[in-house]
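Notes for the one structure printed next.
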Amino acid sequence: MNIRVSDTSSHPLDPLGWSPRVSAAFDAASRASEHPLVPGRVSAARRGGSVVRVSGGDVPADHSPAVLRDARADPAAAPCTGDWVALRRSGDTWLVEAVLERSGTLVRQGIAKDSHDQVLAANVDRVLICEAADQGPNVGRLERFLSLVWAGGAEPVVAVTKAELAGDRLPEVVELVRSVAPGIEVHVVSAHTGQGLEGLAERMAPGTTWVLLGTSGAGKSSLVNAVAGRDLMDTGEIRGDKRGRHTTTHRQLLSMPGGAVVLDIPGVRRIDVPGETEGVDRTFADVTDLAGRCRFRDCAHGGEPGCAVRAAVDAGELDLSRLERWNRLRREAERNRARGDARLRSEQTRKWKTATREGRERGRLKRGGR
Ligand SMILES: Nc1nc2c(ncn2[C@@H]2O[C@H](COP(=O)(O)OP(=O)(O)OP(=O)(O)O)[C@@H](O)[C@H]2O)c(=O)[nH]1
Ligand SMILES: [Zn+2]
């Protein structure tokens, strides 16, 4: 007799990063809905609709009234690239019925006083921060990227790109990168010579979701293409001619031949540290550890007795400039938090005013329009 053992652990969406966590979230959404739902992952998002990848390919989907309402109340709740969603068929069209709970996200801080944070990518496992070997490295920028990634709940990995361009300086460059990224995996790579690509490809495990961060020209697209062995992303050279000729929505969810998913998000121009010091403190774990050993819990590390941070600086174990950058980023994070709080307060006031105005209006109508 021929017994076929079916593998119950496999799911058609495994290549997109389907997991027990997502599966449970989808089941919960299904139970809450009276319609039959289908799971999918957003490959491109616009204001009123998304392109969603389901097991059969990409489908356009409108956002349901409930999803639109949530997005109006909190723009960060709108479907974004990488989101897992529950779809429902409505006549000829698909509707995004629910956005499933997110894990790691990459968030761009609202810049203006009243602007909202924007989620650039959702359900991100690892962020590959690319720093070109021939142009630095810029340690301050690296620390900002690291803080941003930790704050969003993903795991940072660093790539020193264009390694062959650094020549004799390469060991020095890598050493500097490691010194500001203690405990973090660093890959030294070159899309042109192939250095380090195999090691990186091995780390991009099937079902894991990655985002590449780095300044324009850092070599992100070239690296993805070199690891994939084919052109998945437009690089600097050909992007120039293509600009303005895009007729279809640009798909941002890329499947690597090795099984990982790469979310191709628009470049992050301004790196604001989010309004939480956790991301900053994690980035500066070496300094935070020392600070925990100061005699006074509220030590400002400015010359108080028993300050372990100052002692480390004096002993040459901690770079004074790193300490200064830690202080600066923490202050910035605090400022951003205060700004976010102020925005929330003014929104609540506005909602409250609208509600009371509507209440008065209803009262007036009840009294016969007087
Ligand atoms: N010498 C050398 N040049 C590289 C390497 N990787 C990328 N480049 C070049 O660097 C330039 C920028 O590369 P891209 O891959 O487009 O950079 P990017 O980070 O994707 O840029 P944006 O999309 O603008 O953010 C291109 O001219 C590439 O040919 C490398 O390993 N060695
Ligand atoms: Zn101290």
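Tabulated data for the structure shown
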| read-out | value |
| --- | --- |
| Filtered residues of the stretch 299-325 (kept if in a helix (DSSP H, G or I), within 9 Å of ligand 2 (Cβ to nearest atom) and out of contact with any His (no Cβ under 9 Å at 6 or more places or on another chain)) | ALA311 |
| Residue satisfying condition, being modelled with pLDDT of 95 or more, away from ligand 1 (no atom under 16 Å from the Cβ), under 22 Å from VAL54 (Cβ atoms) and aliphatic (A, V, I, L, M), within set ALA98, ALA77, ALA71, ALA154 | ALA98 |
| Tally, over the stretch 265-300, of residues that are at pLDDT below 90 and basic (Lys, Arg) | 2 |
| Among the candidates GLY153, GLY196, GLY167, residue that is touching a residue at least 12 places away in the same chain (Cβ under 8 Å) and surrounded by fewer than 18 Cβ atoms within 10 Å (Cβ to Cβ) | GLY153 |
| Residue match in the stretch 289-297 (condition: within 19 Å of GLY140 (Cα to Cα), more than 10 Å from ligand 2 (Cβ to nearest atom) and under 34 Å from the mean Cα position of the chain (by Cα)) | no |
| Number of positions in the stretch 50-90 that are in contact with a Leu (Cβ under 9 Å, 6 or more places away or on another chain), open to solvent by less than 10 Å² (accessible area, probe 1.4 Å) and among the small types (Gly, Ala, Ser) | 4 |
| Matching residues, the stretch 91-102, being open to solvent by less than 50 Å² (accessible area, probe 1.4 Å) and either assigned to a loop (DSSP other than H, G, I, E, B) or of a type in the set (D, E, K, R) (or both) | GLU97, LEU100 |
| Answer residue from the stretch 34-48, given it is out of contact with any Lys or Arg (no Cβ under 7 Å at 6 or more places or on another chain) and open to solvent by 10 Å² or more (accessible area, probe 1.4 Å) and is farthest from LEU120 (Cα to Cα) among those | GLU34 |
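The values are calculated or read from the model by the stated rules, or taken from the named source; none is laboratory data. Every value quoted in this text rests on a predicted model; they were computed, and no experiment measured them. Note: ideal-geometry Cβ built from the backbone for every residue, glycine included; neighbour counts use all protein chains shown. Surface accessibility is based on the protein's heavy atoms, side chains included, excluding ligands, DNA and RNA. Shrake-Rupley method; radii C 1.70, N 1.55, O 1.52, S 1.80 Å.
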